[in-house]
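Take a look at the structure below.
Any read-out appearing in this document is the output of simple, stated calculations on the displayed coordinates, not a laboratory observation. Not measured: the values here are computed from a predicted model. As a convention, Cβ positions derive from the backbone with ideal geometry for all residues, glycine included, and neighbour counts pool all protein chains shown.
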Amino acid sequence: MPLYEHVFIARQDLSNAQAEGLIEHFGTVLSDNGGSVVDSEYWGVKTMAYKINKNRKGHYSFLKTDAPAPAVQEMERLMRLHDDVMRVMTIKVDEHAEGPSVQMQKREERDTRRERR
């Protein structure tokens with residue numbers, strides 16, 4: 001099955017438990033349609049570059065999935081209809097990176113940048 005990575009932003013006035021509950025909810029939608037969640041991460045409340053629906057901050061969540069295209073389309077459709085989800089982005093990838101995403105790594109653990117000239 002194809003591999004996908006999803007990032008979605010939920011409203012800032014949700015609690016952390018409610019935001020993490022959204023991850024579980026959309027994971028069950030995938031599993032009901034023949035897919036599976038390989039890994040999920042809750043990135044926390046972050047400030048956005050611009051306001052979305054009068055919100056300056058949002059709960060960011062990240063999902064790595066292994067699912068057929070119809071399951072992903074159904075999950076995206078439900079995300080767009082859900083009142084608490086403000087934005088959704090889905091990317092098809094060749095393989096999932098091992099370990100935590102760059103967003104969850106500490107600065108010291110990330111690869112060093114090359115020097116500017």
Which value, in debye to the nearest 20, gives the size of the charge dipole of the chain about its Cα centre, when Lys and Arg are +1 and Asp and Glu are -1 at the Cβ? 1000 debye
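Near Gly58, within a Cβ-to-Cβ distance under 11 Å, what is the net charge of the other residues, with Lys and Arg +1 and Asp and Glu -1?
Net charge in that neighbourhood comes out at +4.
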Evaluate E = 1/(1 + (r/R0)^6) for Gln103 and Gln18, where r is the Cβ-Cβ distance and R0 equals 22 Å; express this FRET efficiency to the nearest 0.05. 0.60
Place a point 7 Å from the Cα of Asp32 along the Cα-to-Cβ direction; which residues of region 53-75 have their backbone N under 19 Å from it? 65-75
Looking at the square roots a ≥ b ≥ c of the eigenvalues of the Cα gyration tensor of the chain, which shape do they give, rounded for a/c under 1.5, prolate if a/b is larger than b/c, or oblate? oblate
Gaussian network model of the chain, springs between alpha carbon atoms under 10 Å - residue of Ala71, Ala19, Ala49 with greatest fluctuation: Ala49
